[in-house]
Amino acid sequence: ELQDITAMWVIDYRGLTVKEVETLRRAVREADAKMGVYKNTLMRLALENAELPELGDILSGPSAFVFATGDPVASAKAIKDFAPKDENTLLREVKLSQVPGLEREGVIKGGMMDGVAYGAAEVEAIAALPSREELIAKLLGTISNPMVKMVRVCNGPMEYFARAVSAIADQKSAA
């Protein structure tokens with residue numbers, strides 16, 4: 001699972017129903033990633049054998065792993081945007097937060113991208129970034145904007161001349 005990935009995100013799936021987990025899996029799949037549940041010790045060994053960074057405390061408690069093969073931002077967004085919205089889930093969250101030793105603030109626990117380990121806050125910041133397609137569109141807009149303005153300036157005198165000729169033609173035809 002760790003070969004040919006662009007990022008790996010670790011999430012906490014406690015309190016989620018099977019239906020909610022399937023919804024999360026579907027969202028992750030649409031973001032060109034896949035989700036799996038593995039034992040933390042097995043993942044520690046796999047990270048060590050693949051010579052990837054150790055994730056430390058992130059690999060504690062129930063963990064699911066999202067392996068992104070495409071745009072890592074898209075998979076992080078899919079996880080961040082996943083938020084069960086029914087009242088039963090909110091009640092389960094309250095009950096989980098009352099259990100001693102369970103400091104659960106969000107679904108994202110952390111992860112790694114390009115061989116660098118990140119905590120939950122950094123992964124959420126990555127998820128807030130624009131997608132690759134959005135960045136390319138912004139770059140192309142920035143590059144083409146000065147050229148479009150120059151063409152408009154160069155075409156200005158000819159456009160005014162054509163309007164003046166058209167106005168004179170309209171006047172003569174009306175007379």
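The values are calculated or read from the model by the stated rules, or taken from the named source; none is laboratory data. Everything numeric in this text was worked out from a predicted model, so none of it was measured. Note that we place each Cβ from the backbone using ideal geometry, even for glycine, and neighbour counts take in every protein chain shown. To get the accessible areas, we keep the full protein, side chains included, count just its heavy atoms, and leave off ligands, DNA and RNA. Shrake-Rupley method; radii C 1.70, N 1.55, O 1.52, S 1.80 Å.
Looking only at residues of the range 60-75 that are farther than 17 Å from Lys19 by Cβ and touching a strand residue (DSSP E or B) at 6+ places or on another chain (Cβ under 6 Å), we find that the one that is surrounded by the most Cβ atoms within 10 Å (Cβ to Cβ) is Ser75. Given (1) over 14 Å from Pro72 (Cβ atoms); (2) surrounded by 10 or more Cβ atoms within 10 Å (Cβ to Cβ), identify the lone condition not met by Ile143. In the conditions (1) over 14 Å from Pro72 (Cβ atoms); (2) surrounded by 10 or more Cβ atoms within 10 Å (Cβ to Cβ), Ile143 misses (2) alone. Residue pairs whose Cβ atoms lie under 9 Å apart, separated by 6 or more positions or on different chains, with the first residue in the range 1-15 and farther than 20 Å from Pro62 by Cβ and the second polar (S, T, N, Q) and open to solvent by less than 60 Å² (accessible area, probe 1.4 Å), are Thr6/Ser75; Ala7/Ser75.
Here Arg92, Arg25, Arg29 are screened, and the one residue that is at pLDDT below 85 and surrounded by 13 or more Cβ atoms within 10 Å (Cβ to Cβ) is Arg92.
Pairs are defined by a Cβ separation below 8 Å, a sequence spacing of at least 6 or placement on different chains, a first member in the range 108-136 that is on the phi > 0 side of the Ramachandran plot, and a second member that is open to solvent by 40 Å² or more (accessible area, probe 1.4 Å) and at pLDDT 85 or above; the pairs so defined are Gly110/Ala117; Gly110/Tyr118; Gly110/Glu122; Gly111/Ala117; Gly111/Tyr118; Asp114/Thr6. The set of residues in the range 35-57 being touching a helix residue (DSSP H, G or I) at 6+ places or on another chain (Cβ under 9 Å), modelled with pLDDT of 85 or more and crowded, with 17+ Cβ neighbours inside 10 Å consists of Met35 alone. If you filter the range 1-22 down to residues that are β-branched (Val, Ile, Thr) and either open to solvent by less than 90 Å² (accessible area, probe 1.4 Å) or assigned to a strand (DSSP E or B) (or both), you find that the one that is farthest from Ser131 (Cα to Cα) is Thr17.
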